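Read the structure below first, then the notes.
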Amino acid sequence: MDTTIVAAKSVIAVDIGSTITRSLFFDVVSGKYRFIAVGSAPTTAGAPHFDVTDGIWRSLEELQYITGRALLSEKDGVIIPGTPDNQGVDIMVATMSVGNPISVVTAGLLDTVSLQNARNLAHTTYANIIDEISLNDHRTSSDRINLLTRKRPDLIIITGGTNNGASHSLLSILESIGLSSYLLNESQRPHILFTGNEQLQEEVKSGLSKISKLRVAANIQPVLGKENIQPAQKEINEIYKEVRNKQSGGLREVFSWTEGTFTSTAAAFGRVIRFLSEKYEPEKGVLGVDIGSDSTILAAAFNGEETLRVFPNLGVGSGSSGVIEKNSLELIKRWMPIELSDQEIRDYIYNKSVNPCSLPLDVEQLEIELAVAKQAIRYAAETTIPNLPKQLGAGGTLLPFMEPIIGSGRILTLAPKRYQPLSILLDGLQPTGVTTLALDQNGLLPGLGAVSEANPLLTVQVIESSTFLNLGTIIAPLGVARPGTTILRVRVNREDGRSFTRDIKYGSLSILPVELGEKVSLHLRPLNRFDVGMGGPGKSGKVNAVGGVLGIVIDARGRPLQFSLDPEKNRKRNETWRKTLSKYE
Amino acid sequence: MISKVKHIHAFTSIKRERVLPIAGHVLVRRMQKVSPSDVIVVAPLISKFVLMDIAQGLNVNPSRADELLQRQAGEDLVEGDVIAGPVGMFKRVVRAPQEGIVRIAGEGKVLFEISSPDYELQAGMEGTITNIIPERGAIIETKGALIQGIWGNGKTTYGVVQPTSNDLLKELVVEQLNIGFRGAIITAGFCKSPEVLEAAGIVPVKGLILGSMPANLIPLAKKMDYPIMIIDGFRETPMNKAAEKILIENKDKNIALNAQELDTFQGNFPEGIISQSSTSEPDLPSEAETLKVGKKVIIINGQQAPQIGEIEKIISGKQVLPSGIETRLAEVTLANEKSAILPLTNLEIIND
């Protein structure tokens with residue numbers, strides 16, 4: 001049987017998450033690829049199992065039970081390829097996010113240029129930067145050697161020098177890295193990724209390849225001011241897999257089942273967002289956010305140009321204590337519509353971080369988790385926006401116009417009310433202009449990303465099969481006015497010829513009652529030089545929209561959202577917003 | 001549904017790996033009995049290196065400096081030994097800055113490793129060496145009581161366990177911390193005041209085991225010089241009954257307290273081990289088991305945590321919690337004969 005992925009009919013995409021391993025099953029139904037079912041089981045990458053295959057096996061057993069299709073054989077493991085009597089699967093791909101972040105030391109010429117490139121690269125995977133080396137850190141060669149032999153990072157990223165640019169200064173840093181690598185036992189030597197001045201590549205290879213696990217990628221900054229991150233991003237993904245392979249058993253089997261179509265969840269997530277950006281409106285970007293138990297991923301892409309950021313220890317489970325530590329309790333509390341003491345909130349968050357699988361029992365606990373999710377996304381967005389190729393607002397602090405915005409993660413999909421994921425995404429990301437908020441309700445994005453390179457047809461057809469839940473069309477005018485000032489007039493023209501008009505006041509959050517799936521034409525007339533993305537401040541225009549679960553949401557609360565110094569005022573305002581959104585549930 | 005087992009055992013087999021991250025010299029042998037302070041393996045864990053520019057030191061070019069080198073890689077030197085030279089009118093030389101070893105020499109430079117005292121990895125618990133991990137360490141096995149927690153401040157110790165009251169239900173207050181607890185590993189239900197942690201350091205106690213404490217004390221607890229282990233969670237509730245019973249019954253016995261930081265991926269939990277001699281051979285505790293009727297469980301979230309009960313019934317199908325979330329539930333009979341309906345996700349099996 002032909003087992004090339006394009007010819008394949010059935011595909012399983014396994015995602016090995018920090019707490020749950022999920023196996024997604026895709027097959028051809030009526031001539032088109034469709035998502036069929038998902039099986040899940042606790043992840044077994046870490047203690048006490050240290051073998052990912054146990055969790056994969058159990059998730060496949062569940063999938064087998066749901067679909068009635070034999071996928072496993074005691075003798076051969078996963079049945080690949082599928083048989084004519086509908087047993088097994090033709091292709092398997094896998095993604096992985098579980099495990100402690102890989103430890104990284106960045107090295108480059110200057111803190112503001114080379115090291116910034118190295119940081120951007122490190123943040124495209126599950127990594128913690130544990131130290132940095134640069135010419136302006138005033139360390140001697142001996143200091144650098146001692147630093148590297150003591151900290152023993154998993155990976156050293158070396159950047160610096162444009163092509164044909166500086167080389168001598170970089171060589172002195174390379175000498176320290178080479179000597180420190182030589183001094184370590186072979187099993188402890190770090191991976192080294194050189195992505196600096198391409199003129200030095202041969203010298204780097206001859207000096208470092210025998211004493212380190214060296215990879216060389218095209219210069220991340222070939223000319224000043226131009227970042228070329230994608231070649232190095234591919235290499236860092238390979239290094240991530242090699243580090244994980246050393247830490248968790250069973251990955252060799254996964255490599256074998258997937259024939260190497262195995263990648264980090266973040267890389268796959270970024271890839272599918274990039275893929276969508278090539279498919280949707282080219283003048284706007286596509287944004288994806290995945291909020292997991294341990295980490296948050298933000299991926300934005302403009303016409304195929306991708307910006308990916310991974311935030312380990314920033315999540316709603318084991319990463320929830322990281323949300324307090326990277327922010328503050330006050331920044332989490334400002335999102336809550338109910339009154340709880342600081343101690344109740346803090347204790348709940350820290351208990352959640354040590355018991356990430358526990359579920360909120362009551363509304364109070366749930367509201368804490370929703371607030372943690374909002375702040376985790378807010379932190380990720382504020383950190384990522386300056387690195388996007390486009391920004392809005394004074395100082396470039398606002399999210400540019402995006403279409404669509406897709407949210408993923410169990411906190412969004414398991415939320416009991418549909419306004420809750422919309423509220424998390426709306427408050428956390430604070431989109432601008434006109435956009436659609438969608439929910440990856442089955443957690444397909446990483447799997448679709450893993451498949452997309454080899455079988456784009458599957459990705460396209462599954463996405464077109466209404467796999468994402470439309471939470472609502474969002475209209476978020478940009479500008480400043482006094483609260484209560486009318487800033488937008490919206491006329492909604494329904495397909496049956498009926499229409500209605502609404503005046504929108506600054507500071508309000510309101511919903512236009514449009515049924516789920518109903519197509520309408522919106523005429524937007526911004527007042528007071530507000531901008532709704534129709535070509536500039538004060539410019540009117542028509543836009544076609546589709547009603548989401550919450551119809552059409554007009555968020556005129558301003559960008560960025562402003563908070564009062566009085567926590568009680570913030571709480572009351574959150575309560576009002578919650579009531580507004582929940583009314584249309 | 002499979003649940004993690006919370007390790008609180010009055011008597012069980014315990015097997016721990018004690019290894020260094022780098023190669024060293026193992027000092028123990030198989031079947032050797034060890035006490036917590038016995039050294040298992042030694043290694044120069046924190047070496048210090050000096051990259052010496054010989055060419056610059058001798059004021060010659062690198063190839064000439066290589067000709068003037070008197071030492072080769074691997075040579076042991078004492079402070080003041082000549083590494084290179086003499087050269088020139090003033091017989092210029094480069095000397096070893098301290099006692100150490102030449103690691104690399106050439107191209108006008110010498111990489112010199114300064115001798116540093118070996119790091120000694122102690123057994124940390126009583127037991128028997130059952131396996132040697134070459135150059136890294138050993139496996140130690142023992143029998144006794146095991147209590148694992150959910151948070152530790154990264155420190156370890158060994159000493160006598162002393163409850164601060166007849167039960168471990170109450171808050172630990174400054175007034176209780178008298179001189180009688182000096183050098184002891186004290187235990188209490190919970191503590192909510194920073195003054196208590198500071199006062200315990202002044203006594204000084206050797207360690208502190210609490211059922212719970214509020215999370216705002218974490219930064220201070222990390223700074224304390226003595227080990228602190230939290231067994232149940234971040235709140236102000238008494239210690240769970242199983243751990244309380246073990247600690248009360250083992251009053252005045254030695255406990256090896258390893259308040260290491262929690263790392264569930266690596267399987268590192270803060271824990272206390274009280275070794276006991278016995279002819280019986282209990283099995284190693286299981287790490288995960290299926291939640292089913294009759295299983296003893298500990299509640300890990302909500303107002304009823306950390307009460308212990310028994311699963312009376314697993315309710316079929318998913319049910320809606322007051323939070324609105326749909327999940328599988330169990331009916332659990334608690335010690336006071338009352339019952340509670342709780343999500344399976346909020347229970348852990350306990351085989352005390």
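The values are calculated or read from the model by the stated rules, or taken from the named source; none is laboratory data. Fair warning: this is a prediction, and the values are worked out from it, not measured in the lab. All Cβ positions, glycine included, derive from the backbone under ideal geometry; neighbour counts span all protein chains shown.
A few points about this structure:
- Residues of segment B:1-35 that are among the basic types (Lys, Arg) and not in a loop (DSSP other than H, G, I, E, B): B:Lys4, B:Lys6, B:Lys15, B:Arg16, B:Arg18, B:Lys33.
Let's see how each residue does on (1) among the acidic types (Asp, Glu); (2) more than 30 Å from B:Val19 (Cβ to Cβ):
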| site | (1), (2) |
| --- | --- |
| B:Val203 | no, yes |
| B:Glu261 | yes, no |
| B:Ser277 | no, no |
| B:Thr290 | no, yes |
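- All told, B:Ile255 falls short of being away from every other protein chain (no Cβ under 14 Å), touching a strand residue (DSSP E or B) at 6+ places or on another chain (Cβ under 8 Å) and either aromatic (Phe, Trp, Tyr) or more than 21 Å from B:Leu146 (Cβ to Cβ) (or both).
- Exclusive hit being in the same structural domain as A:Ile16 (by TED's automatic domain parsing) and crowded, with 24+ Cβ neighbours inside 10 Å, set A:Ile91, A:Ile177, A:Ile158: A:Ile91
- Residue in segment A:157-171 that is farther than 16 Å from A:Gly196 by Cβ and more than 13 Å from every other protein chain (Cβ to nearest Cβ) present: no
- Filtering segment B:38-50 to residues that are away from chain A (no Cβ under 14 Å) and hydrophobic (A, V, I, L, M, F, W, C) leaves B:Val39, B:Ile40, B:Val41, B:Val42.
- Residue list for segment B:97-110, filter: surrounded by 14 or more Cβ atoms within 10 Å (Cβ to Cβ) and within 14 Å of chain A (Cβ to nearest Cβ): B:Pro97, B:Gln98, B:Gly100, B:Ile101, B:Val102, B:Arg103, B:Ile104, B:Ala105, B:Gly106, B:Gly108, B:Lys109, B:Val110
- Scanning segment A:226-243 for residues that are at pLDDT 90 or above and of a type in the set (D, E, K, R) turns up A:Lys234, A:Glu235, A:Glu238, A:Lys241, A:Glu242.
- Of everything in segment A:75-105 that is closer than 19 Å to A:Val14 by Cα and more than 30 Å from the chain's Cα centre (by Cα), the residue that is modelled with the lowest pLDDT is A:Asp76.
- Test for B:Lys338: is it surrounded by fewer than 16 Cβ atoms within 10 Å (Cβ to Cβ), in the same structural domain as B:Phe234 (by TED's automatic domain parsing) and among the basic types (Lys, Arg): no
- Count of segment A:313-340 residues, restricted to those that are among the polar types (S, T, N, Q) and within 10 Å of chain B (Cβ to nearest Cβ), is 2.
- Being at pLDDT 90 or above, within 21 Å of the chain's Cα centre (by Cα) and outside any strand (DSSP E or B) holds for only one residue in A:Gly472, A:Gly449, and it is A:Gly449.
- Some residue of segment A:523-532 being in a strand (DSSP E or B) and closer than 30 Å to A:Pro416 by Cα: no
- Which listed residue is within 9 Å of chain A (Cβ to nearest Cβ) and not hydroxyl-bearing (Ser, Thr, Tyr), from B:Gln319, B:Gln276, B:Gln260, B:Gln303: B:Gln303
- Within segment A:21-32, the presence of at least one residue that is of a type in the set (D, E, K, R) and crowded, with 24+ Cβ neighbours inside 10 Å is confirmed.
- Members of segment A:533-585 that are of a type in the set (Val, Ile, Thr) and in contact with a strand residue (DSSP E or B) (Cβ under 7 Å, 6 or more places away or on another chain): A:Val543, A:Val546, A:Val549, A:Ile552, A:Val553, A:Ile554, A:Thr580
- Residue match in segment A:409-418 (condition: away from every other protein chain (no Cβ under 14 Å) and not basic (Lys, Arg)): yes
- Residue that is farthest from the other protein chains (Cβ to nearest Cβ) [pool: residues in segment A:84-100 that are of a type in the set (Gly, Ala, Ser) and touching a Phe, Trp or Tyr at 6+ places or on another chain (Cβ under 9 Å)]: A:Ala94
- Residue match in segment A:245-256 (condition: crowded, with 19+ Cβ neighbours inside 10 Å and either acidic (Asp, Glu) or outside any loop (DSSP other than H, G, I, E, B) (or both)): yes
- Qualifying residue in segment A:369-385 (condition: outside any helix (DSSP H, G or I), out of contact with any Phe, Trp or Tyr (no Cβ under 8 Å at 6 or more places or on another chain), outside the structural domain of A:Thr21 (by TED's automatic domain parsing) and not hydrophobic (A, V, I, L, M, F, W, C)): no
- Those residues of segment B:268-290 which are touching a residue at least 12 places away in the same chain (Cβ under 8 Å), surrounded by fewer than 19 Cβ atoms within 10 Å (Cβ to Cβ) and closer than 25 Å to A:Asp294 by Cα, in sequence order: B:Glu287, B:Ala288, B:Glu289, B:Thr290
- Within segment B:114-150, being assigned to a loop (DSSP other than H, G, I, E, B) and either of a type in the set (Phe, Trp, Tyr) or more than 12 Å from every other protein chain (Cβ to nearest Cβ) (or both) holds for B:Ser115, B:Pro117, B:Asp118, B:Ala123, B:Gly124, B:Met125, B:Glu126, B:Pro134.
- Among the residues of segment A:341-368, the ones that are assigned to a loop (DSSP other than H, G, I, E, B) and either among the polar types (S, T, N, Q) or more than 8 Å from chain B (Cβ to nearest Cβ) (or both) come to 4 in all.
- Residue selected from segment B:64-75 under the condition exposed (fewer than 12 other Cβ atoms within 10 Å of the Cβ) and under 26 Å from B:Ile22 (Cα atoms), by the criterion farthest from the other protein chains (Cβ to nearest Cβ): B:Gln72
- A single entry from B:Asn131, B:Asn153 fulfils the requirement of being more than 30 Å from A:Ser187 (Cβ to Cβ) and either exposed (fewer than 15 other Cβ atoms within 10 Å of the Cβ) or among the polar types (S, T, N, Q) (or both): B:Asn153.
Quick grid of which residues meet (1) within 14 Å of another protein chain (Cβ to nearest Cβ); (2) at pLDDT below 95:
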{"position": "B:Leu20", "(1), (2)": "yes, yes"}
{"position": "B:Val26", "(1), (2)": "no, no"}
{"position": "B:Val34", "(1), (2)": "no, no"}
{"position": "B:Met52", "(1), (2)": "yes, no"}
{"position": "B:Pro62", "(1), (2)": "yes, yes"}
{"position": "B:Leu77", "(1), (2)": "no, no"}
{"position": "B:Phe90", "(1), (2)": "no, yes"}
{"position": "B:Phe112", "(1), (2)": "yes, no"}
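- Options A:Ile338, A:Ile297; residue that is touching an Asp or Glu at 6+ places or on another chain (Cβ under 7 Å), buried (at least 24 other Cβ atoms within 10 Å of the Cβ) and either of a type in the set (Val, Ile, Thr) or part of a loop (DSSP other than H, G, I, E, B) (or both): A:Ile297
- Being within 10 Å of chain A (Cβ to nearest Cβ) and crowded, with 24+ Cβ neighbours inside 10 Å holds for only one residue in B:Ile230, B:Ile218, and it is B:Ile230.
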